[in-house]
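Q: I have a structure here, written as structure tokens, and I will follow up with some questions on it.
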């Protein structure tokens with residue numbers, strides 16, 4: 001079963017396109033032979049709006065490296081790549097903040113502002129990324145908190161929230177700038193199975209709005225429960241797999 005795609009503008013439906021991309025470990029992180037290690041090679045990937053794409057593979061197989069490449073923390077060494085309209089090959093350092101404002105990033109460890117409540121975790125991020133009108137900010141905060149089922153928790157401090165609620169707040173933060181793409185790095189890795197399922201329902205809700213989600217995960221049971229396009233990392237390469245067929249074999 002595939003997530004139903006909802007696309008407003010067919011001319012701009014593609015949010016990620018990588019063509020023969022290669023990625024090496026960064027400067028200062030060299031292999032045993034003293035050379036930079038090739039992490040990913042000949043990666044080809046196209047993702048459209050409204051898609052949910054899972055990345056699976058062993059630890060160190062390149063899943064997190066690919067996500068870092070997509071938000072320009074890791075440079076591509078070869079090939080061509082475009083993400084939400086930005087060229088990864090030619091992007092200037094001053095353009096990177098604008099690339100990241102066009103997407104949302106969700107981490108396993110939440111990375112919340114622990115000294116301010118739910119509302120100000122979102123408000124301060126929005127101010128820092130260019131929002132100026134208070135009424136617009138408050139309206140958008142209401143929208144994203146409702147989407148992640150935290151509408152009645154805006155006054156709570158992060159330590160007063162459960163792990164699942166903290167992750168939902170992190171997802172809300174990723175949504176405030178109306179991104180076309182969300183990158184999620186093991187977003188259910190620290191959560192119990194029931195809470196992980198609740199987080200998946202939130203992501204399903206997000207893709208129904210037309211936003212694409214690329215998620216790295218080790219949670220195969222969640223993929224079985226919420227099947228979608230699945231990409232396997234192995235030996236520096238990326239292969240699309242039918243997980244059900246793999247499990248049956």
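The values are calculated or read from the model by the stated rules, or taken from the named source; none is laboratory data. Keep in mind the model is a prediction, meaning the values are calculated, not measured. Note that each Cβ is placed from the backbone with ideal geometry, even for glycine, and that neighbours are counted across all protein chains shown.
Q: Which pairs have Cβ atoms under 9 Å, sit 6 or more apart or on different chains, and link a residue in the range 204-219 that is free of Cβ contacts under 8 Å to residues at least 40 places away in the same chain to one that is assigned to a strand (DSSP E or B)?
A: none
Q: Further, regarding this structure: Filter the range 151-185 for residues that are touching a strand residue (DSSP E or B) at 6+ places or on another chain (Cβ under 6 Å) and not in a helix (DSSP H, G or I); which is farthest from residue 131 (Cα to Cα)?
A: Among those that are touching a strand residue (DSSP E or B) at 6+ places or on another chain (Cβ under 6 Å) and not in a helix (DSSP H, G or I), it is 185.
Q: Of everything in the range 186-203, what is farther than 28 Å from residue 49 by Cβ and either outside any helix (DSSP H, G or I) or modelled with pLDDT of 95 or more (or both)? Give them in sequence order.
A: 190, 192
Q: Which one of 142, 136 is modelled with pLDDT of 95 or more, within 27 Å of residue 85 (Cβ to Cβ) and surrounded by fewer than 19 Cβ atoms within 10 Å (Cβ to Cβ)?
A: Of 142, 136, the one residue that is modelled with pLDDT of 95 or more, within 27 Å of residue 85 (Cβ to Cβ) and surrounded by fewer than 19 Cβ atoms within 10 Å (Cβ to Cβ) is 136.
Q: Among residues belonging to the range 55-77 that are under 11 Å from the mean Cα position of the chain (by Cα) and farther than 14 Å from residue 231 by Cβ, point out the one that is surrounded by the most Cβ atoms within 10 Å (Cβ to Cβ).
A: The extreme case among them is 71.
Q: Mind counting the residues in the range 96-112 that are surrounded by fewer than 16 Cβ atoms within 10 Å (Cβ to Cβ) and touching a helix residue (DSSP H, G or I) at 6+ places or on another chain (Cβ under 8 Å)?
A: 1
Q: Specify which of the listed residues (116, 127) is within 19 Å of residue 137 (Cβ to Cβ), touching a helix residue (DSSP H, G or I) at 6+ places or on another chain (Cβ under 8 Å) and loosely packed, with under 14 Cβ neighbours inside 10 Å.
A: Criteria check complete, one pass: 127.
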